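Let me begin by presenting the structure, written as structure tokens, before commenting on it.
The values are calculated or read from the model by the stated rules, or taken from the named source; none is laboratory data. These numbers were taken from a predicted model, which means no experiment stands behind them. For neighbour counting, all protein chains shown are included, and Cβ atoms are generated from backbone atoms with ideal geometry for every residue, glycine included. When the accessible area is computed, the model is the full protein with side chains, heavy atoms only, and any ligands, DNA or RNA have been set aside. Shrake-Rupley method; radii C 1.70, N 1.55, O 1.52, S 1.80 Å.
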Amino acid sequence: MLYDEMDKSLKAMEAALGIETAIRGNKILIQGEEKAASKAERLIKELQAVRAEGYAIKPDDIRHALSSMSDSGDTDISLKDLFLNSIPVSSRKKFIVPRSETQRQYVEAIKQYDMVIGIGPAGTGKTYLAMAMAINALLKKQVSRIILARPAVEAGEKLGFLPGDMFEKVNPYLRPLYDALFDMMEAEKAHKLIEKGIIEIAPLAFMRGRTLNDSFIILDEAQNTTSEQMKMYLTRLGFNSKTVITGDITQIDLPAGKASGLIEAEKILKDVKGISFIYFTEKDVVRHKLVQQIIKAYEKFDRRGGDETSYD
């Protein structure tokens, strides 16, 4: 393990466990309460064992894993189990790590249910983890294709008002899905699968009239679907198919007076067996640490009723 990577991992452990560490040659010195020091020793050995398997663990993965352990109170969780039971997404031992307890519940729900609805703020990994599970299912031949969809234009998919041909009109709205795909899979392989139609990235409007069998389908930005669009999408699911629907109900861009299909579906489907709802919070944010603080600040502002601040 590189010195810089180990140093950053140790700093994450120091913050989580209240210990102090130092690297002396090929030895790591640990100072702190006996229980915490013993736990740190175990975690370091597990981290080294995971790296010996050929997996590249980033310091951020360590930090989020330790934060998850602290939040859940389960400080006896095995880092080795956490990382080695993660989601392989390529032939090069690249894998995606659920970084919070909610994310782990989300991944387990996707394994167990044919329809999972993930609701929560931006940056919580809803779409990213769903993409990882879809790629994993394709690699394992559990499905024969992946379909990624999202409302092409937030305010009702009015594509006719945009310049360019159909591809040029919808591509900017689908870009986040491409970004997630290329982050997990070699670009050349991904392009080939897209060319063959094994991976399809399309606006939600293209789902109308289709029955999707043997597929893993992800609907992203579902808070911007209308009631009619959501009902249309939900009834596309065919045999041996799985769908994950993601959205942030605090960021609805529909025109005034238009109800969100995601909020409506949450009310209608809450008691339907076979559907799992997973709710994320700011604690699950895995982007820059400032993003979590920004989300908290906005939630606090909203709770106060959005009172305007006066300036002299």
Long-range amide H partners of ILE117 with built H, under 5 Å:
ILE245, SER276, PHE277, ILE278
Starting with the highest mean, order 98-104, 189-195, 253-259 by the number of other Cβ atoms within 10 Å, averaged over the residues of each peptide.
98-104, 189-195, 253-259
Can you tell me the length gained on complete extension of the stretch LYS270 to LYS111, counting 0.36 nm per residue apart and subtracting the Cα distance?
55.3 nm
May I ask you to give the percent of accessible area on the range 176-312 that is carbon plus sulfur, with a probe radius of 1.4 Å?
53
Where labels lie 7 Å past Cα in the beta-carbon direction, separation of ARG24 and ARG42 in nm
2.5
Given the range 182-283, report the % of alpha carbon pairs whose separation exceeds 24 Å.
32
Semi-axes of the equivalent ellipsoid of the range 242-287: what are they in whole Å, largest first, if each equals the square root of 5 times a C-alpha gyration tensor eigenvalue?
19, 19, 9
Which of the residue pairs LYS141/LYS192; LYS231/LYS283; LYS140/LYS242; LYS140/LYS196; LYS140/LYS273 have a Cα-Cα distance greater than 23 Å in the structure shown?
LYS231/LYS283; LYS140/LYS273
Taking the Cβ-Cβ separation of PHE239 and LYS300 as r and a Förster radius of 41 Å, what is the calculated FRET efficiency to the nearest 0.05?
0.30
State in Å² the accessible area per residue of the range 197-312; use a 1.4 Å probe, count heavy atoms of protein chains only, and round to the nearest integer.
60
